[in-house]
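S.K.: This is the structure, below, for whatever I ask next.
Just so it is clear, none of the values below were taken in a lab; they were calculated from the coordinates. Everything quoted here is computed from the prediction, not taken from an experiment. Here Cβ is always computed from backbone atoms with ideal geometry, including for glycine, and neighbour counts include all displayed protein chains.
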Amino acid sequence: MPGPFAAFKWEALLSDWNVFAEGFGMTIAVSVLALLLALVLGIAFGMMGTEKSRLFRLVNRCYVELIQNTPLVIQIFFLYNGLPYIGIQLPIFWVGMLGIGVYHGAYAAEVVRAGILSVPKGQFEAAMAQGFSYRDTMRHIILPQAKRLAYPPLTNLAVNLIKNTSVMAMIAGGDLMYHADSWASANLYYGPAYVVTGLLYIAICFPLATYAKHLESKLEVSV
Amino acid sequence: MSRVIRLENIHKSFGKLEVLHGIDLEVKEGEKVVIIGPSGSGKSTLIRCINLLEKPEQGAVYVDQVNLLSNTQQLSRVRQSMGMVFQQFNLYPHMTVLENLMLAPMKLKKESGEEAEKTALVYLERVGLQDKAHSYPAQLSGGQQQRVAIARALTMKPKIMLFDEPTSALDPEMIQEVLDVMVALADEGITMVVVTHEMGFARRVADRVVFMADGKIIEENAPEEFFTHPQHERARQFLSKIERAV
Ligand SMILES: Nc1ncnc2c1ncn2[C@@H]1O[C@H](COP(=O)(O)OP(=O)(O)O)[C@@H](O)[C@H]1O
Ligand SMILES: [Mg+2]
């Protein structure tokens, strides 16, 4: 019996490289869009979490707690199996993008909220006293300062997001994990399939994680 | 002369604690008013009520005849005409000195970058810091930061300047450079409300000294009168304490 990493299995993978390339492309596309969505949600809900208004803070808490305390898989299944019951049939790509974006948006909201709260109150006051609106104060004075602190955790968040796109495999999402899995279950060449898949994830995640560490060390120097 | 600031029966609480118990204060155009009083007496809260950084629960705040509590859509415009200088400077640390000075004129008055830079450099020169235009606030001494903060307020060409203990966070050797800038400013006829314990400054500049204690105005008088013949026991006690300290 040939071993799990027999040479002919690698050859088979090499000749089917386009299957993996397709999955890799899909994973990157979903990651980029979901990350953008997560950032937009993170900024919007993170800002709500720092508001004086109790209603806004309540909305922030509901979103964050609901999302952070249920598994991502359930949220994806809800979008995939639940929404059609109320007449909303989303393409798989959208299910993945929305599910993953909304899930990480909750974590981004916490990062943004902490970043904003770390900016001294005097900064708000100076800007308001100059006549800036709340919006402009946020945009020109508070968020740029919050950003410095939020960058390293947000970069780590991007790494997690990319890895978590693999849950799309459970709904036949066409992503890297899905293609690797279905290719391997057709020919049972699991060894090379998972090794190559793992390496592809490393290829994007490791540079990002290294970048996050670099940002963190820069922050330590400047604080 | 017209009254540019009028506070009527201001009550302000933080939670259950009322810290201002019905304050009335009027400031005329061009007048310099110095507010003094023991720590915790409500001086900061009072001066912050003038531009509504603190919102009183009761009473009225008029600036330039505008009732700020009932005309919120005018608040931004009125704030633009009132500069404020804080004890902790509050410069924007992520911007250079020049950018600190240019932000409000560009974003609020829609001045071009060129125009804003020209104005900024004029005011930086006035506070003697044109060579620091491209420094970041963290690279400046406290006294320099406070002078930049004053210049930043002036770039909006305000009619009124509010100062909340502008020299209290400074090392002693830097106090004078900031006071000098403030005295020069006072000589130009701008309306000023200054919370400070610098008696030399008050004597030199103030038209009127307002003494506060326990959230009330206890006494108002011309500086010479106030410092030499305080009418109330609280004022006498307070003056003897700061005189001993100086
Ligand atoms: N944001 C705040 N929250 C709660 N209490 C406050 C706040 N600001 C001021 N106070 C209280 O109000 C009182 C007056 O404070 P303040 O106006 O700063 O006095 P002063 O400037 O004369 O030292 C103090 O008892 C202070 O503790
Ligand atoms: Mg004070």
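S.K.: Quick check, is A:LEU117 surrounded by fewer than 22 Cβ atoms within 10 Å (Cβ to Cβ), in contact (Cβ under 8 Å) with a residue 24 or more places away in the chain and within 14 Å of chain B (Cβ to nearest Cβ)?
M.R.: So A:LEU117 does not fit the description; no.
S.K.: Mind telling me which of the residues B:PHE211, B:PHE227 ends up being within 13 Å of ligand 1 (Cβ to nearest atom), away from every other protein chain (no Cβ under 14 Å) and surrounded by 15 or more Cβ atoms within 10 Å (Cβ to Cβ)?
M.R.: B:PHE211
S.K.: Looking at region B:150-186 only, could you name the residues that are within 16 Å of ligand 2 (Cβ to nearest atom) and either farther than 29 Å from B:LEU52 by Cβ or not hydroxyl-bearing (Ser, Thr, Tyr) (or both)?
M.R.: Once the filter is applied, which keeps residues that are within 16 Å of ligand 2 (Cβ to nearest atom) and either farther than 29 Å from B:LEU52 by Cβ or not hydroxyl-bearing (Ser, Thr, Tyr) (or both), region B:150-186 yields B:LEU162, B:PHE163, B:ASP164, B:GLU165, B:PRO166, B:ALA169, B:LEU170.
S.K.: Also: Could you list, ordered by first residue, the pairs with Cβ atoms under 6 Å in which the first is in region B:192-204 and away from ligand 1 (no atom under 16 Å from the Cβ) and the second is outside any helix (DSSP H, G or I), at least 6 apart or interchain?
M.R.: B:MET192/B:LYS32; B:MET192/B:MET161
S.K.: Continuing with this model, one more query. Mind checking whether some residue in region B:147-155 is part of a loop (DSSP other than H, G, I, E, B), touching a residue at least 24 places away in the same chain (Cβ under 8 Å) and within 14 Å of chain A (Cβ to nearest Cβ)?
M.R.: Yes, region B:147-155 contains at least one residue that is part of a loop (DSSP other than H, G, I, E, B), touching a residue at least 24 places away in the same chain (Cβ under 8 Å) and within 14 Å of chain A (Cβ to nearest Cβ).
S.K.: Could you say which residue among B:SER76, B:SER81 is of a type outside the set (A, V, I, L, M, F, W, C), in contact (Cβ under 8 Å) with a residue 60 or more places away in the chain and surrounded by fewer than 22 Cβ atoms within 10 Å (Cβ to Cβ)?
M.R.: Among B:SER76, B:SER81, only B:SER81 is of a type outside the set (A, V, I, L, M, F, W, C), in contact (Cβ under 8 Å) with a residue 60 or more places away in the chain and surrounded by fewer than 22 Cβ atoms within 10 Å (Cβ to Cβ).
S.K.: What is the number of the single condition among (1) more than 13 Å from chain A (Cβ to nearest Cβ); (2) crowded, with 16+ Cβ neighbours inside 10 Å; (3) not in a loop (DSSP other than H, G, I, E, B) that B:GLU125 does not meet?
M.R.: Among (1) more than 13 Å from chain A (Cβ to nearest Cβ); (2) crowded, with 16+ Cβ neighbours inside 10 Å; (3) not in a loop (DSSP other than H, G, I, E, B), B:GLU125 violates only (2).
S.K.: Identify the residue in region B:153-187 that is more than 16 Å from ligand 1 (Cβ to nearest atom) and β-branched (Val, Ile, Thr) and, among all such residues, is farthest from A:GLY131 (Cα to Cα).
M.R.: By that ranking, first place goes to B:ILE175.
S.K.: Would you confirm whether or not region B:191-200 contains a residue that is part of a loop (DSSP other than H, G, I, E, B), among the acidic types (Asp, Glu) and surrounded by fewer than 19 Cβ atoms within 10 Å (Cβ to Cβ)?
M.R.: Checked region B:191-200: no residue is part of a loop (DSSP other than H, G, I, E, B), among the acidic types (Asp, Glu) and surrounded by fewer than 19 Cβ atoms within 10 Å (Cβ to Cβ).
S.K.: Test A:THR70 against the criterion of being outside any helix (DSSP H, G or I) and among the hydroxyl-bearing types (Ser, Thr, Tyr), and give yes or no.
M.R.: Yes, satisfied.
S.K.: Next question, about the same structure. If you scan region B:230-241, which residues turn out to be surrounded by fewer than 14 Cβ atoms within 10 Å (Cβ to Cβ) and part of a helix (DSSP H, G or I)?
M.R.: Across region B:230-241, the qualifying residues are B:GLU233, B:ARG236, B:GLN237, B:SER240, B:LYS241.
One line per residue, one yes/no per condition, for (1) touching a residue at least 24 places away in the same chain (Cβ under 8 Å); (2) near ligand 1 (Cβ under 10 Å from one of its atoms); (3) over 25 Å from B:GLU225 (Cα atoms); (4) within 14 Å of chain A (Cβ to nearest Cβ):
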residue	(1), (2), (3), (4)
B:ILE10	yes, no, yes, no
B:LEU17	no, yes, yes, no
B:LEU20	yes, yes, yes, no
B:ASP24	yes, no, no, no
B:VAL27	yes, no, no, no
B:ILE35	yes, yes, no, no
B:SER39	no, yes, no, no
B:CYS49	yes, yes, yes, yes
B:GLU57	yes, no, yes, no
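S.K.: A further question on this structure: Read through the list (1) within 14 Å of chain B (Cβ to nearest Cβ); (2) closer than 30 Å to A:LEU13 by Cα, then give the number of the only condition that A:THR210 fails.
M.R.: (1)
S.K.: Residues that are over 25 Å from B:LYS55 (Cβ atoms) and acidic (Asp, Glu), at least 1 per element: which helices (runs of 4 or more DSSP H) completely within region A:119-223 meet that?
M.R.: Fully inside region A:119-223 and qualifying: A:176-187, A:190-222.
S.K.: Right, next: Could you tell me whether any residue of region B:131-145 is surrounded by 21 or more Cβ atoms within 10 Å (Cβ to Cβ) and either aliphatic (A, V, I, L, M) or touching a strand residue (DSSP E or B) at 6+ places or on another chain (Cβ under 9 Å) (or both)?
M.R.: no
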